[in-house]
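One structure is given below, encoded as structure tokens.
The values are calculated or read from the model by the stated rules, or taken from the named source; none is laboratory data. All of these numbers come straight from a predicted model, not from anything done at the bench. Glycine also receives a Cβ, built like all others from the backbone with ideal geometry; neighbour counts cover every protein chain displayed.
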Amino acid sequence: MRGRDFLDTNILVYGLDTSEPAKQRIARELTSKAVAGEFVISTQVLAEFAATLLQKFERQYAPGDVVTILESVEPIPLIQPDGDMVRRAVEARAAYGIHFYDGMIVAAAERAGCEKIWSEDLNAGQKYFGVTVGNPFG
């Protein structure tokens, strides 16, 4: 999978968030490329995406809608967590002072051989274990 970049949860969420049209347009472009196999995500990203739709957007998306949305992103290559990734997330927390779950994102991107993590939540330009963060919105 080397060469593909990693998409964080916020990219998928903005693809459905009509409150910020500029971010939505960018996120939809990235998500379309991800579905075509140009990006990877992790199981954590998929779970956070579903949870956000069920909680923050519960008036827009019923559980059946969320299942349909999840089916639409199934083609995106998925990085599965394991004990080594959990350990690496702890190491990311120790090395960079980031939250554990952000460390899981870093560990998944590193595992996939990604050069870049696209995220609004991590520090743009920061390198974590050789993986650089980019903010597609700014």
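When segment 46-65 is filtered for residues that are assigned to a helix (DSSP H, G or I) and over 21 Å from P81 (Cβ atoms), the ones remaining, listed by number, are Q55, P63, G64, D65. Here V106 qualifies as under 19 Å from D5 (Cα atoms) and assigned to a helix (DSSP H, G or I). Please find, among I26, I69, I41, the residue that is closer than 21 Å to V133 by Cα, in a helix (DSSP H, G or I), of a type in the set (V, I, T) and out of contact with any Asp or Glu (no Cβ under 6 Å at 6 or more places or on another chain). Result: I26 is the single residue among I26, I69, I41 that is closer than 21 Å to V133 by Cα, in a helix (DSSP H, G or I), of a type in the set (V, I, T) and out of contact with any Asp or Glu (no Cβ under 6 Å at 6 or more places or on another chain).
For V133, the conditions (1) of a type outside the set (G, A, S); (2) under 15 Å from I11 (Cα atoms); (3) part of a helix (DSSP H, G or I) all hold with the exception of (3). Only one entry in R4, R59 is modelled with pLDDT under 95 and surrounded by 19 or more Cβ atoms within 10 Å (Cβ to Cβ), namely R4. Quick check on G134: is it of a type outside the set (A, V, I, L, M), surrounded by fewer than 19 Cβ atoms within 10 Å (Cβ to Cβ) and under 21 Å from S32 (Cα atoms)? So G134 passes the test.
Here is a yes/no grid of residues against (1) closer than 15 Å to N10 by Cα; (2) β-branched (V, I, T):
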residue	(1), (2)
A27	yes, no
E38	no, no
I76	no, yes
I79	no, yes
D84	no, no
F129	no, no
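Being surrounded by 15 or more Cβ atoms within 10 Å (Cβ to Cβ) and either out of contact with any Lys or Arg (no Cβ under 7 Å at 6 or more places or on another chain) or modelled with pLDDT of 95 or more (or both) holds for only one residue in R93, R87, and it is R93.
For segment 105-119, residues that are buried (at least 23 other Cβ atoms within 10 Å of the Cβ), touching a residue at least 40 places away in the same chain (Cβ under 8 Å) and not small (G, A, S) total 4. Looking only at residues of segment 35-56 that are among the β-branched types (V, I, T) and more than 17 Å from E110 (Cα to Cα), we find that the one that is surrounded by the most Cβ atoms within 10 Å (Cβ to Cβ) is T52.
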